[in-house]
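So the structure is just underneath, and the comments pick up after that.
The values are calculated or read from the model by the stated rules, or taken from the named source; none is laboratory data. Please read these numbers as outputs of a predicted model, since none were measured by experiment. Reconstructed Cβ throughout: ideal geometry from the backbone, glycine too, with neighbour counts over all protein chains shown.
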Amino acid sequence: MTKKTTWRAAVLALAVTLAACASAGGRGRPLKADTWRWAGSVGGIGGQHITPEGRNLQVIYQFRSDSSLTVIHSPGTQDTTHFTIYPKGAPDKTRDLIRYRMPVNVLPPPQTDQYLRRIGRDTLELTDTCADCYTHTFVRVQ
């Protein structure tokens, strides 16, 4: 290989690497603005089932196109944070990773990262990233 060919190959490899990093979630991607109601959670040691009725707790997640999330939980309390979504950021590469700027502390345990998966148009799963934690299921508010 000549020096010129080696230089071109190095520049091409750098460009491909930078493009791959950007598409793999370097800047994240927006989540369509939508409102979701918590339907229940499963997990923890022993696979506990937690429901809004059992906890006497209603939780609404309002994702906005400006990458903000407002969490409304009874009785009339709300918190807001910002988030970034990293496509296929889960270790199994089948789910996205959502990272919150401030921990979301409504459903145990407090989370700064969760795996996100859409099931059809009307169901959203947020899975905690720790061992023996929970998968929280939400349904879209019509």
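Tabulated data
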{"quantity": "Residue, modelled with the lowest pLDDT, within region 29-58, restricted to residues that are within 18 Å of Leu69 (Cβ to Cβ) and in a strand (DSSP E or B)", "calculated": "Arg29"}
{"quantity": "Any hit, region 75-85, residues being within 17 Å of Thr135 (Cα to Cα) and either in contact (Cβ under 8 Å) with a residue 60 or more places away in the chain or of a type outside the set (D, E, K, R) (or both)", "calculated": "no"}
{"quantity": "Flag for Arg95 being closer than 17 Å to Cys130 by Cα and in contact with a Phe, Trp or Tyr (Cβ under 6 Å, 6 or more places away or on another chain)", "calculated": "yes"}
